[in-house]
Amino acid sequence: MVAWMVWGSAAVANAGPWQANGFKVGEVSATTAVVWTRLTKNEDRIDRPGIEPLIYYRNSKTGKLLLKPDDGREDWIVENVDNSVANKDTVYTPVPKYPEGESPETVDGAVPGAPGQVRVRYLAKGSDQWQETEWVTVEKEQDYTHSFRLKDLTPGTRYQVLVESRLEDGHNGATLSGDFGTAPAATDAEPISFVVSTCQAYIHQDSREGGFKIYREMEKLHPDFFVQCGDFVYFDRMGKSLDLARWHFHRMFSLPFIRHFHQVVPCYYMKDDHDTWMDDCYPQMESVFMGTFTFEHGKQLFREQLPMSELPYRTRRWGKDLQIWLVEGREFRSNNKDPDGPNKTIWGPEQMAWFKKSVSESDATFKILMSPTPIVGPDRDNKFDNHSNINWKHEGDIVRNFIAQQDNMFIVCGDRHWQFASEDLETGIREFSCGPASDEHAGGWTNDEVRAEHHYLNVTGGFLGGFVEHQDGKPTLTFRYYDVAGKPLYQETFTAK
């Protein structure tokens, strides 16, 4: 692990345009990184709890706008999700509205964008030679965002970053500062640490001061990188248009703890169902439940609002002892309801071939598959959306059996609203589910439902940490669970075979 050094992450005092969503450094390798930012009208987010859009539903028979159906059924939204228009006698189509006198730019968490230009300056630790990108004009069609792709970086090196803004007439705007470290070269046996999270719902924040406590606690560990395993926003309830879906990103990533964290810890993001479109979604899915917001829109926003690689699945090497694989579980999948078999897939044939080839070619000591959803489980018996579920057994067996053939390979997953460490009873492979971002979001299981697969089970919020070290001259990998306050809860350490 490279030495931790913070030059500072506060905004340099200037007039607008501003960067109220902060910036993120993502997709870091030994020699490359992506720096994302967004220009904004105001210095900070609009903070007005309770002032938010209202989602009405139009009854297809009567034309009435309702906040709930005429007959008061509690399952009406679920039924509307699961069925296409053709299969429903009465369809409820969402119609977003705003409280009187309010607009998309005035509701809670709004961060209106602004025109202007941005550039990135960066300086390697120990150097006095700043490097810089060209000034780039941000476009309204891209929500005033831009991602810079930095190349030819030095492995295992800490970089100071300045993200500068200005108006097109040259008037200086706000500048943000932060830092990140590149991965060590593949031949260097350096200690590495990382943190993993999933399932953070805006309505389940646990800190009025900054959003989610875990970001402050994860930052205290000075991790080399952060992996978000998906469901970092939940579009289902109110993301009924492209603008409203963008608002979900704006309000989440302007929360103070999250914003500061990303300016000093590089990230890798994966998406799952709720931050792609809606619950258990797949490309062929038909529903009026999400209004004018589409599955394709969700794919677009993932690349627009985050620092991303060229492909949604990728692998990154962190020195001699660690390589991670980040997979895509929504864009290439079959219909959940298709019969199981060789033609049913979550990953798609190209991604599966890439995964097997790149894992087989790797000489990293430890290999970790980062998956948005479980591969081993156990999961609830009424779930039918991931490789641990019975309706995905064919492809699930392929993945599990392949991983079982590798030395020192593990799975880290998101999606489930509880922490667990498990072992597949057939192959013996190990899986570590990081659990939700807050206690308020924990649920779906109970602590007395311990099954044979479980080594650890805890229905709680928090995060997972990973630590690659050398003990007694041998490489080790430790998985450690934390609660939302940063208290260690459970850990296992593996010595390389």
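The values are calculated or read from the model by the stated rules, or taken from the named source; none is laboratory data. Remember, it's a predicted structure, so these values are computed and weren't measured experimentally. For neighbour counting, all protein chains shown are included, and Cβ atoms are generated from backbone atoms with ideal geometry for every residue, glycine included. These area figures cover heavy atoms from the full protein model, side chains too; ligands, DNA and RNA do not enter into them. Shrake-Rupley method; radii C 1.70, N 1.55, O 1.52, S 1.80 Å.
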Exercise. Are any residues in segment 204-250 assigned to a helix (DSSP H, G or I) and open to solvent by 10 Å² or more (accessible area, probe 1.4 Å), and if so, which ones?
Worked result: HIS204, LYS213, ARG216, GLU217, GLU219, LYS220, LEU242, ASP243, ARG246, TRP247, HIS250
Exercise. Among the residues of segment 415-427, is there at least one that is among the small types (Gly, Ala, Ser) and outside any strand (DSSP E or B)?
Worked result: no
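When the residues of segment 343-381 are narrowed to those that are among the polar types (S, T, N, Q) and farther than 30 Å from THR187 by Cα, which ends up surrounded by the most Cβ atoms within 10 Å (Cβ to Cβ)?
Among those residues, the one meeting the criterion is THR373.
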Exercise. In segment 207-247, which residues are among the hydroxyl-bearing types (Ser, Thr, Tyr) and more than 16 Å from VAL107 (Cβ to Cβ)?
Worked result: SER207, TYR215, TYR234
Exercise. What number of residues in segment 382-396 are assigned to a helix (DSSP H, G or I) and either surrounded by 15 or more Cβ atoms within 10 Å (Cβ to Cβ) or of a type in the set (Ser, Thr, Tyr) (or both)?
Worked result: 6
For this session: Kindly indicate whether any position in segment 158-177 is within 25 Å of the chain's Cα centre (by Cα), open to solvent by less than 30 Å² (accessible area, probe 1.4 Å) and aromatic (Phe, Trp, Tyr).
Result: yes
For this session: Kindly list the number of the only condition in (1) under 30 Å from ARG45 (Cα atoms); (2) open to solvent by 40 Å² or more (accessible area, probe 1.4 Å); (3) out of contact with any Lys or Arg (no Cβ under 8 Å at 6 or more places or on another chain) that fails for ASP152.
Result: (1)
For this session: Quick one: which residue in GLU423, GLU440, GLU449, GLU453 is open to solvent by 20 Å² or more (accessible area, probe 1.4 Å) and either without any contact (Cβ under 8 Å) to a residue 12 or more places away in the chain or of a type in the set (Phe, Trp, Tyr) (or both)?
Result: GLU449
Exercise. Does PRO96 meet the test of being part of a strand (DSSP E or B) and either over 30 Å from GLU164 (Cα atoms) or at pLDDT below 50 (or both)?
Worked result: yes
For this session: Could you please give the count of residues in segment 462-475 that are touching a residue at least 60 places away in the same chain (Cβ under 8 Å) and either open to solvent by 70 Å² or more (accessible area, probe 1.4 Å) or farther than 29 Å from ALA183 by Cβ (or both)?
Result: 2
Problem set entry | So TRP347, is it among the aromatic types (Phe, Trp, Tyr), at pLDDT 95 or above and outside any loop (DSSP other than H, G, I, E, B) | no
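Collect the residues in segment 115-148 that are assigned to a loop (DSSP other than H, G, I, E, B), farther than 10 Å from LEU39 by Cβ and open to solvent by less than 80 Å² (accessible area, probe 1.4 Å), keeping them in residue-number order.
Hits for segment 115-148 are SER127, THR133, TRP135.
Restricted to segment 275-291, and to residues that are free of Cβ contacts under 8 Å to residues at least 60 places away in the same chain and under 16 Å from the mean Cα position of the chain (by Cα), which residue is surrounded by the fewest Cβ atoms within 10 Å (Cβ to Cβ)?
So the first thing to find is which residues in segment 275-291 are free of Cβ contacts under 8 Å to residues at least 60 places away in the same chain, and the list is 275-277, 281-285.
Filter once more, so that each one left must be under 16 Å from the mean Cα position of the chain (by Cα): 275-277.
Numbers: ASP275: 29, THR276: 25, TRP277: 27.
Per the stated criteria, the residue is THR276.
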Exercise. Among THR90, THR62, THR106, which is under 30 Å from TYR282 (Cβ atoms), modelled with pLDDT of 65 or more and not in a strand (DSSP E or B)?
Worked result: THR90
Problem set entry | segment 292-316 - residue that is open to solvent by 30 Å² or more (accessible area, probe 1.4 Å) and assigned to a loop (DSSP other than H, G, I, E, B) and, of those, nearest to CYS229 (Cα to Cα) | LEU311
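Could you please let me know if GLY486 is surrounded by fewer than 17 Cβ atoms within 10 Å (Cβ to Cβ), under 25 Å from HIS204 (Cβ atoms) and in contact (Cβ under 8 Å) with a residue 12 or more places away in the chain?
Considered against the rule, which asks whether it is surrounded by fewer than 17 Cβ atoms within 10 Å (Cβ to Cβ), under 25 Å from HIS204 (Cβ atoms) and in contact (Cβ under 8 Å) with a residue 12 or more places away in the chain, GLY486 comes out as no.
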Exercise. Could you say which residue among ASP321, ASP272, ASP340 is crowded, with 23+ Cβ neighbours inside 10 Å, among the charged types (D, E, K, R), more than 30 Å from TRP247 (Cβ to Cβ) and modelled with pLDDT of 95 or more?
Worked result: ASP321
Problem set entry | Every residue from segment 251-269 that is basic (Lys, Arg) and either crowded, with 24+ Cβ neighbours inside 10 Å or touching an Asp or Glu at 6+ places or on another chain (Cβ under 6 Å) (or both) | ARG259
Problem set entry | Members of segment 194-203 found to be farther than 16 Å from PHE180 by Cα and either aliphatic (A, V, I, L, M) or surrounded by 24 or more Cβ atoms within 10 Å (Cβ to Cβ) (or both), listed by number | VAL196, SER197, THR198, CYS199, GLN200, ALA201, ILE203
Exercise. Is there a residue being without any contact (Cβ under 8 Å) to a residue 40 or more places away in the chain and β-branched (Val, Ile, Thr) anywhere in segment 137-152?
Worked result: yes
